[in-house]
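Taking it in order: structure first as structure tokens, then the write-up.
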Amino acid sequence: MQALLEKIHDLKNIISISKHEQIVFGIINSIEAGILKVDDKLPSINEMVAEIGYARKTIVKAYTELKERGLVESKNLKGYYIVSLETNMTLKVALVLYAFHSFQEDFYNTVRKELGKRFQIDVFFHHNNLTIFKNIMDNVSRKYGAYIIAPIQHPDVPDILKNIAEDKLILVDREVPMPKNYSYATQEFEQITYNHLVDLAPRIKKYDRFILFYKGHTDLPEGVLYAFQRFINDFNIKGEVATVYKSKILKKKTAYFTISDSNLWQILKDARKLEYRIGRDIGILAHDDNIVKEIAFGGITTISTDFELMAKKAAKFVKYGGKLQEIIPTYLRERNSL
């Protein structure tokens, strides 16, 4: 402890850094000098107040920053301990997503690239399960310097998220009602999907039926379902919603709208087996674009937000702070499948 305190006292004469930074840099310097090692216990807040002479809130602020950098953790109310020697990390970031879908993998890779090596990103998946989401949030609470979260659209979720300070949290992908100062980079589903379906109406009307695969109580956005129902009613199209995909459902002169990639791949597999021509015998519209959909079967028409832009916005919030509130554009990419 004495060697650590000497490191901090050495920094007290440097007027260009604040009091809490003196403590942070003193502990970092002690780690780099080998004075502190993993599992070493730091002086308590009261001990630091007595030895250094700074206010309690200054010590708390310093220890909080060290936790956010991933260097320190408070364990079972027994004190603060060194948990990492990676002093080059600027910040620990908790990234909470639905699942590792291809477009969310692209999202992660972009965030990783934009933040660079000085940020530690820990990824968690809640699979649209409220219990899992609550457990994740309990585990990550007060341990990270920034939080990028794709929330579940459930009435309980806003109260869970309010436990995170507004300057540390950005919501991505889906919206939930939060106080006005919280940041988000999300997509809008219902109206934009409806607008793009209207754009596609002449192509969809080439087919006798239009089927949406949608199963409730999953991570599929309800806005897409509502847009589909409005569209078939407004344009007098014979349409229906199927909760599951089965091979026998595939019929000629039918257009299919898939949100789930697993349904899309099965449709394409069965179409090849039945020798159905995509874009002629059957039509296909998919949600969430990726490079495979761009090239498979001459290209699959998609309605998709710009996940790369969304990721860049989230990374910018983490790096520079400030309030960010933006609806990310959604695009229609017309290809040969309709």
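Name every residue in the range 222-260 that is touching a residue at least 60 places away in the same chain (Cβ under 8 Å), surrounded by 20 or more Cβ atoms within 10 Å (Cβ to Cβ) and outside any strand (DSSP E or B), in order of residue number.
Val224
Would you be able to tell me the number of residues in the range 177-188 that are out of contact with any Leu (no Cβ under 7 Å at 6 or more places or on another chain) and without any contact (Cβ under 8 Å) to a residue 40 or more places away in the chain?
3
Of the residues Ile136, Ile192, which single one is out of contact with any Lys or Arg (no Cβ under 7 Å at 6 or more places or on another chain), under 30 Å from Arg335 (Cβ atoms) and not in a strand (DSSP E or B)?
Ile192
Here is a yes/no grid of residues against (1) surrounded by fewer than 16 Cβ atoms within 10 Å (Cβ to Cβ); (2) closer than 17 Å to Val72 by Cβ; (3) at pLDDT 80 or above; (4) under 37 Å from the mean Cα position of the chain (by Cα):
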site	(1), (2), (3), (4)
Gln2	yes, no, no, no
His9	yes, no, no, no
Lys12	yes, no, no, no
Leu42	no, yes, yes, yes
Ala50	yes, no, yes, no
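Taking Tyr184 as the residue in question, decide whether it is part of a loop (DSSP other than H, G, I, E, B), among the hydroxyl-bearing types (Ser, Thr, Tyr) and closer than 27 Å to Ala227 by Cα.
So Tyr184 fails the test.
Can you tell me which condition Phe210 does not meet? The list is (1) in contact (Cβ under 8 Å) with a residue 40 or more places away in the chain; (2) touching a helix residue (DSSP H, G or I) at 6+ places or on another chain (Cβ under 6 Å); (3) assigned to a helix (DSSP H, G or I), and all the others hold.
(3)
Has the range 315-329 got at least one residue that is assigned to a strand (DSSP E or B), surrounded by fewer than 16 Cβ atoms within 10 Å (Cβ to Cβ), within 18 Å of the chain's Cα centre (by Cα) and not acidic (Asp, Glu)?
yes
The values are calculated or read from the model by the stated rules, or taken from the named source; none is laboratory data. Small disclaimer: the values here were computed from a predicted structure and weren't measured. Here Cβ is always computed from backbone atoms with ideal geometry, including for glycine, and neighbour counts include all displayed protein chains.
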